[in-house]
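The block underneath contains the structure these notes are about, expressed in structure tokens.
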């Protein structure tokens, strides 16, 4: 016969393996009404994650229990304890990441060490209402779930028992009685994501405040101003084509000079190449806990049949200590293709899959936001599906963060292409990437401008990332937006000399689709941040505000209005032009000098960017960039049309068609990024 539960509900554990916990709770529970659970404080996510309070020791030693049970050798335990010494790592982090103990056996021993029970949340799921009463963020932060309520005593299922005293203290302030049982961390994650699916999806989609997010970018005065400007240009083109053409030409020449000036300044401020061996960046000592924090790498995947298995092999080459490496392969719930590929890849213990439920949008930043709640690390890194990072990349990142001040919130690595020899398009794409990551971005940092980030080989302090609200889930160029928001919050970004190889998109139409998404995201980012120009000026400062205009407005204007400038090349061949009869001679010569000067700067940047040993074969292809640029203008028109029709559509880039990363790129001997450009 089932024993009655004090709140009138049948107890599922009265005669189960957990009866001791329940009976003890019933015996000690005072006879009073349950406390107001909705008043229990909901702590905000910790910002000082790098220095959490020391763990509370268990009643019995966990390692001794494992050794006594024949689950672990003494030498393995001693080595694991040495890895934990002086760091925030738990013994379980080391044992599980090294595969020394099975997850089930480990949590059974953990429960014994804390003199409590291990609950199976699959067979005995928690009461959903209790999660709502306590709040989802505290559960995610502490990796616990309210399991049962017996009288006025709440039983918490915890994966990390050392965090329980802090939780109990929060309840004690309101006179609530709390007891603890142990549950597996993977089961807690599954329960929270399944039972609170809608809340977690909403959290992932709305982390960024509305005034800085693309989801509300059509609200406010800024959207009306841009719409009015577009209407005026269209009306002027219809009523006075010559006047409209003259104004567009003037703006196109001005933005051409501005973007070319930025490139020229980047070249002129570039440090002189050092003779002799390149100065090595600091590396993390293998057993130095200060320089070896837990690093979580988020790798969003979508419909990746060809690349997922190779990605696992590439990430296994990383030399960072496995117990301090937490790699999350982020997969959409309905992406059975990628899930099936990963299922056959046999993931190591330090690599796991995070499944993202369906939502109102399907974007990379939304998936990253969702996975962030399940990350273990104090440093968050991003890789793409086709990435092949340098093996010692995480060591370098950890070492630099250990030396840099807290104001340095982000480290951006160099991106390169490992399939540059495939065809002409891949060669030009490689030259363009080399110019951007080896010339332009370091130049922007040296000039004190905000750095628009790349979408991969990007590493952030988790505290800063969470303080800003993560990524904008509706922005299809979330990396560039994140760089500007970091600058607005007063954080700085450094470029670090470590290389990740990627697969160049070397087919024309997929290239245009990918580039149109980037340009659409740039336009939306500019529109969102320019909602309140005065506030943006105040938060960025004059120098960064100017840089923001040059990089975003200048680039967008140049790409959209490039056909206007190309039309003047026809005049040299005797072709008719609307302004030919009225344009003065000095203006024609000025335009000619601007055109030739811009081309010379582009050639110089390209030649310098590919001057290293790895890329010298590309120098003869630099002049052909003149034929490569029109593709970007075509992509800009496509992106502009999508802003009006489908602004949040993520045009997926399919990888794995030309994957030759086995001998991935290495940094060019003569081309180095500054160690502290910001």
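The values are calculated or read from the model by the stated rules, or taken from the named source; none is laboratory data. Just so it is clear, the model here is predicted, and its values are computed rather than measured. Cβ sites come from the backbone with ideal geometry, for glycine too, and all protein chains shown count toward neighbours.
Here are the numbers for the structure shown:
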item	result
Test: residue in the range 601-608 that is more than 24 Å from residue 254 (Cα to Cα) and part of a helix (DSSP H, G or I)	yes
Selection status of residue 267, modelled with pLDDT of 85 or more, over 27 Å from the mean Cα position of the chain (by Cα) and surrounded by 14 or more Cβ atoms within 10 Å (Cβ to Cβ)	yes
Where residue 460 falls short, out of the listed (1) modelled with pLDDT of 95 or more; (2) closer than 25 Å to residue 269 by Cα	(2)
The range 464-483: number of residues that are in contact with a helix residue (DSSP H, G or I) (Cβ under 6 Å, 6 or more places away or on another chain) and either assigned to a helix (DSSP H, G or I) or within 13 Å of residue 380 (Cβ to Cβ) (or both)	6
Near pairs, Cβ below 8 angstrom, 6+ apart or cross-chain, from the range 624-635 (in the same structural domain as residue 432 (by TED's automatic domain parsing)) to any residue that is not in a helix (DSSP H, G or I)	none
Residue in the range 489-509 that is part of a helix (DSSP H, G or I) and farther than 29 Å from residue 615 by Cα present	no
Every pair of residues 6+ apart whose Cβ atoms lie under 6 Å, when the first sits in the range 68-80 and is closer than 15 Å to residue 113 by Cα while the second is surrounded by fewer than 18 Cβ atoms within 10 Å (Cβ to Cβ) and modelled with pLDDT of 90 or more	71/105
All positions within the range 609-626 that are in contact with a helix residue (DSSP H, G or I) (Cβ under 8 Å, 6 or more places away or on another chain) and either outside any loop (DSSP other than H, G, I, E, B) or surrounded by fewer than 20 Cβ atoms within 10 Å (Cβ to Cβ) (or both)	609, 611, 615, 618, 619, 621, 622, 623, 624, 625, 626
